[in-house]
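Read-outs: derived from the displayed coordinates by stated rules, not from any lab. None of the values given here were measured: they were computed from a predicted structure. Here the Cβ positions follow ideal geometry from the backbone for every residue, glycine too, while neighbour counts run over all protein chains shown.
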């Protein structure tokens, strides 16, 4: 960190960056707001943009934009004389019917009904909370690691992980790559709260210690080394989302560490086909500077 950054907490630094995003959203509600534009404006790493903004906002950035459009529409309905059609365009909806549908889903009533009955009180949006008890991470510097990998696409809970590992181990067998110390690692590149299911990407990786060659859908790459905060988690893989929420909502904001522009990775320490869910052990590697 530079000297100025050292005098501020991570939460302050990230909050100042988020303020630029929030200001842009509020000033461009009548336009199509591109997430890519917001990520560039924030100067957050593209690998961590969604998790950091969700940590600070208490909800995914897409949900925040939708909520602000609707809450702005509600204020305009209540306090202005603009028609529902005009308000629709002001908050970024292409048609009044689109606003009406979203408004009803969010508030439980229509814009026209709300205009007629302004005594309706809307509930406050509940912020996301994470209650997992996770120990402090170890801070280690790792070397580069060679691996073979297979890319999977789809919702994380629906991916065929056993088939992926079987395919990778078949390459190990065919190319005679077996040695001691082969590691099972995963790289989850996308946040399922914001990325379309069919676009979510995950790489199943086997760290190998002999030279490997690409084979069919299996590729080779280097997992870059560097400094990592390593969290140890024991329990079902289905709770990993909550673990990540804790890491980015609580630990990162209270720590003195900055994220590096690298994806997170997971190391699986036992075989899920032979281990009870509550005994599964996972190491989560958060790249830091």
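Quick look at the values:
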quantity	calculated
For residue 59: the one exception among (1) in a helix (DSSP H, G or I); (2) under 16 Å from the mean Cα position of the chain (by Cα); (3) touching a residue at least 40 places away in the same chain (Cβ under 8 Å)	(1)
Residues located in segment 252-289, provided they are without any contact (Cβ under 8 Å) to a residue 24 or more places away in the chain and over 19 Å from residue 187 (Cα atoms)	274, 275, 276
Number of positions in segment 79-106 that are touching a helix residue (DSSP H, G or I) at 6+ places or on another chain (Cβ under 7 Å) and touching a residue at least 24 places away in the same chain (Cβ under 8 Å)	10
Residue check, residue 66 farther than 17 Å from residue 245 by Cβ and under 17 Å from the mean Cα position of the chain (by Cα)	no
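Here is a yes/no grid of residues against (1) in a helix (DSSP H, G or I); (2) buried (at least 20 other Cβ atoms within 10 Å of the Cβ); (3) more than 16 Å from the chain's Cα centre (by Cα):
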residue	(1), (2), (3)
37	yes, no, yes
41	yes, no, yes
54	yes, yes, no
92	no, yes, yes
98	yes, no, yes
